[in-house]
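The values are calculated or read from the model by the stated rules, or taken from the named source; none is laboratory data. These numbers were taken from a predicted model, which means no experiment stands behind them. Here the Cβ positions follow ideal geometry from the backbone for every residue, glycine too, while neighbour counts run over all protein chains shown. Note: areas computed on protein heavy atoms with side chains; ligands, DNA, RNA excluded. Shrake-Rupley method; radii C 1.70, N 1.55, O 1.52, S 1.80 Å.
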Amino acid sequence: MTTIEKAHLINEKYKAFNFIAEALEGGEGLLSGVAVSVKDNVCVNGMQSTAGSKILEGYIPPFDATVVAKCRAEGAGILGKTTQDEFGFGTFNVNTGYGVPLNPHDPERSTGGSSGGAAVVTAVADFPHLAIAESTGGSISCPASFCGVVGITPTYGRTSRWGLIDYANSLDKIGCMGKTVREAALLLTVISGPDKYDSTVLHEPTQDYTSYADGCAEGLKIGVPEEYFGEGVDTGVTEKVWTGIKTLESEGATVTEVSMPFTKHSLSSYYIIAMAEASTNLAKLCGLRYGLHMPLEGNFDEYFSEVRTLGFGEEAKRRIILGTFTRMAGYRDAYYLKALKVRTKVIEDFKRAFKHVDVLAAPTMPVVAPKFSEIAELEPIQHYMMDILTVAPNLAGVPMISVPCGEHLGMPVGLHLMTDHLEEGKLVKAASAVEGAR
Amino acid sequence: MSSTVIDRDLVRRVAEAAHIKLTDEELDKYAHQMKAIVEAFTELDQVDTEGVEPSFHPIELENVLREDEPRDWAWNPLGNTVHKENKYFKGPRIT
Amino acid sequence: MKATIGLEIHVHLLTDSKLFCSCRTSLMGKEPNENTCPICLGFPGSKPKANKRAIDHGIVLAKALSCSLVPEIRFSRKNYFYPDMPKNFQITQYEVPLAMNGYVMLGNRKIRIRRVHLEEDPAKLIHVGGDITTARYNHIDYNRAGIPLVEIVTEPDLEDTKEARLFLEKLSVILDHLGVYDPTTEGAIRVDANVSIDGGQRVEVKNITGFRNVEKALNYEVVRQKSMANMGIDVSRETRHFDAESGTTSSLRKKETEDDYGYIIEPDLVKIKLHSEWVDKLTESMPELPDHRIERFIEQYSIGRFQAGIIVNTGLQLSLFYEECCNLYKDPKIVVNWIVTYLLKSLNYERLNIKESKVKPETFVELLKLIDEGVISERTAKELIKEYTVSGESPRKIVKEKNLSLMSEDELHKVVSEVIEENPKAVNDYQSGHVKAAEYLIGQVLRKTRARAAVDTVRKLITDMMESKPR
């Protein structure tokens, strides 16, 4: 069976793709022989890229995202576009324009979101595969944790965002998933580094991150933030996470408790900033130049409203309306600007902690992957609260990795490790120690 | 900000500005959900941000600029749309 | 009733590439939408990157308008839906404009500048099957989208239409001297005008192209508001559209509140610090400003203020032309006379500006030298300048080809004799003491010779011959 045929089988079973390539190309390089799947919001030249939204149905990007071009240059073949929450708007990958992906460990449960499809393919592929994923507020860590794979969210700006269909530009980070820490580190090595097309990309050259995957935690100082183990975190999850932390200790790390008092404010700050930026990013989608089109009827206000009402899903509409509200005259200072100032406090939390420790360790998600029936009972605000453990590092733009650390209720649990800006090496080192001992 | 009242009228006004049409049922639902969300946001009031600078990015770069060098992009700008005529995009009327 | 006028002036900055992408800014001969890329069309996945030269230009302009520069600038998203907007937001500056609090002097009147900021131009809309209110749909050409604009916002300091025009002319000359815009480009300057009468409601007239149209639009709007006030009708706060063909304004929409653009900081761009080394370097190499140049011309070339003003205010190219001519010709006063009195008239008649025309300093001073050398008469030169303006041919060559040089003494002698023979009455008058009669005879000679004779020579010949002629 060819890799493409296998991808179709995975899709039939788990609805992991929005688009599958006709053929797998490839060449020589670090990723020779590897199929790379790409989250649907990352543009691939000539391949429909919708960011999981009906309003972008039919959009064929006329260029490759920089990360995709870098993969091609290292010999990878592009397998297809993986399922996601519409524009990244979700924690459970149920807010989609093209069907909901299923968790390979239990098809009645969520894959996590928003990079759900990426996690599924990573978990089940029996061929050499790596996934390009993307995180705004936890969209790599969450599905990696729920599906039991390794997910790396790099430092903000470590990878170029050229070719990323924006959710919230000051938060979006393209990252990667793999079955193992070393595999994920290989893809990170390929996709990191400067790019003339992105004004916010960092200027430091990439490194060989695989060289850090030595399974040794000797000398690492691990900080455990008490705020990440509070109410709402499932005790079964806490137990497995502590198993992971103990592993690090036994592999030579020292463990101390740290405090990050602004964690509890990160959720509001994150959602306000993300929605404010998102609501402006999505304004361009109006049925004129690409994506969904309708017959040109009415004046422009009427036509744009018609297309947008039809094309956006429920959660997208909610975030657009909320985002528009938070930046309106009269509310802008109290919400948008206030959130940006609180973000400064959250960043300071991390900077303070990293003066004393190398790595922060916490649960990735407060629970294991929930059942779809449970998710259906949640109010939107309860969805948002599920991100409480991932939004702070995403606001601060620090790199993070979710690495499997055991199972609870038969479902994978993820250990979340975070380091200071541009310290992806330490992250890979610590995660490899957890993984090696498992 | 704790005095912000999220009601149907405000939601309708904001949705109109965002060019999204809501049915009456949707208006009720969104108003209810948004009220809870915006009320939750008001917890930010507790944070003293006096004299705190906003962070527009997690890591602030500066003066990332392009030299003024023109380059043509070989592509078909109309390749993704059905609304075109004589090399123009076709757009809806103004009024 | 007193009018209060404030202007928002949008100027295309002269760069080779657009503000946030590398597409060209020159649109000559381009097919619709040919001059675009995924960035200026806002395709999903694309990102902007700012053009350094546009910021250079903004800094220089802000300095020329005596504004204070901010230490650090950021771009913002101004959010509104419109079919000419590729992203349905415009990247502009809001919280921190490039510069603030400047002024321009009009004589001794100070017109204050509120702010100067950079932004991207939207696309061009062509209303198909009607005008803005009646068209069935629009054609959109994004070639222009993303060209850098500088927006200059004045305080409402302008008191009438004439002052608004003078201000715009002065601004245009400043921009021209700085080399930051091309006055010959179509739509290089577009103006939104805020007009009110005696503390009445403010009306905004949008998107007026060209100085003549600004004057027309303002005249129409001032008269409209005054006559409404006279009839006791309140002027309502609104946005109006100017129709260049009819010279009238019409209501686009009422404005009950300030527009809410939901500004956020553009998260795809980073802050730009205006480091003092950067600003100082630009300031040091800043071209001479028009007011300064006028003073220098008066001083250096001993010419009058009026003439210096005409040269400088016509534009940078004419100022440079004049200085070049002065380098090539001994008397700057003669040069300025010939430029102001004859060359400009001829250029205007042909609807040319000095840059587009074939007129060059080397050939222009040749004309003046031909007079000095006695090869042609002044009168011939005045005739010749018309042809020269169009062709740019060497005047010496034209004189030779068309045989315009002064006649020899013998030839001239013959013509004078003829004129004296043919006009016995005038001769008689002269001889009876009416000295003025000589002027008539001189005129006849010049007519016959088609000005190929110097007036002084003719006068001398005529008087000599009449003195010696028996009564």
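Take segment A:237-251 and flag every residue that is open to solvent by 10 Å² or more (accessible area, probe 1.4 Å) and in contact (Cβ under 8 Å) with a residue 60 or more places away in the chain.
The answer is A:THR238, A:GLU239, A:LYS240, A:THR243, A:THR247, A:SER250, A:GLU251.
In the list B:LEU44, B:LEU22, B:LEU27, B:LEU78, which residue meets the criterion of being more than 7 Å from chain A (Cβ to nearest Cβ), at pLDDT 95 or above and not in a loop (DSSP other than H, G, I, E, B)?
Going through B:LEU44, B:LEU22, B:LEU27, B:LEU78 in turn, just one is more than 7 Å from chain A (Cβ to nearest Cβ), at pLDDT 95 or above and not in a loop (DSSP other than H, G, I, E, B): B:LEU27.
When you look at C:GLY45, is it more than 8 Å from chain B (Cβ to nearest Cβ) and outside any loop (DSSP other than H, G, I, E, B), yes or no?
no
Here is a check on your reading of the model: is C:PRO38 farther than 24 Å from C:ILE272 by Cβ, at the interface with another protein chain (Cβ under 8 Å from one of its Cβ atoms) and in a loop (DSSP other than H, G, I, E, B)?
So C:PRO38 does not fit the description; no.
Working carefully through the options C:MET85, C:MET100, find the one that is of a type in the set (A, V, I, L, M, F, W, C), out of contact with any Asp or Glu (no Cβ under 8 Å at 6 or more places or on another chain) and more than 26 Å from C:LEU282 (Cα to Cα).
C:MET85
Grab the helices (runs of 4 or more DSSP H) fully contained in segment A:331-412, keeping just those with 2 or more residues being away from chain B (no Cβ under 14 Å).
The qualifying helices (runs of 4 or more DSSP H) are A:338-356, A:372-375.
Just a yes or no: is a residue in segment B:50-73 closer than 30 Å to C:VAL128 by Cα and without any contact (Cβ under 8 Å) to a residue 40 or more places away in the chain?
Yes.
Could you tell me which of the residues A:SER32, A:SER53 is more than 21 Å from B:ASN80 (Cα to Cα) and of a type in the set (S, T, N, Q)?
When all the criteria are applied, what remains is A:SER32.
Would you check if there is a residue in segment B:14-24 being surrounded by fewer than 20 Cβ atoms within 10 Å (Cβ to Cβ) and over 26 Å from C:ASN79 (Cα atoms)?
Yes: one or more hits.
Could you list, in sequence order, the residues of segment C:48-78 that are open to solvent by less than 20 Å² (accessible area, probe 1.4 Å), farther than 24 Å from C:LEU178 by Cβ and within 11 Å of chain B (Cβ to nearest Cβ)?
C:PRO48, C:SER76
I'd like to know if segment C:104-118 contains one or more residues that are surrounded by fewer than 22 Cβ atoms within 10 Å (Cβ to Cβ) and within 14 Å of chain B (Cβ to nearest Cβ).
No, there is no match, as no residue in segment C:104-118 is surrounded by fewer than 22 Cβ atoms within 10 Å (Cβ to Cβ) and within 14 Å of chain B (Cβ to nearest Cβ).
Considering only residues that are surrounded by 16 or more Cβ atoms within 10 Å (Cβ to Cβ) and not in a strand (DSSP E or B), which ones fall in segment C:130-154?
C:ILE132, C:ALA135, C:TYR142, C:ASN143, C:ARG144, C:ALA145, C:GLY146, C:ILE147
I'd like to know if segment C:219-238 contains one or more residues that are under 28 Å from the mean Cα position of the chain (by Cα), surrounded by fewer than 17 Cβ atoms within 10 Å (Cβ to Cβ) and assigned by TED's automatic domain parsing to the domain that holds C:ARG77.
yes
I'd like the full set of residues that are in a loop (DSSP other than H, G, I, E, B) and surrounded by fewer than 17 Cβ atoms within 10 Å (Cβ to Cβ), limited to segment C:184-209.
Correct list: C:THR184, C:THR185, C:GLU186, C:GLY187, C:ASP198, C:GLY199, C:GLN201, C:ARG202.
Do you know which residues across segment A:320-348 are within 22 Å of the chain's Cα centre (by Cα) and in contact (Cβ under 8 Å) with a residue 60 or more places away in the chain?
Correct list: A:ALA339, A:LEU340, A:ARG343, A:VAL346.
Search segment C:318-341 for residues being charged (D, E, K, R) and under 20 Å from C:LYS358 (Cβ atoms), and hand back the single one that is most open to solvent (accessible area, probe 1.4 Å).
Only one residue fits best here, namely C:GLU324.
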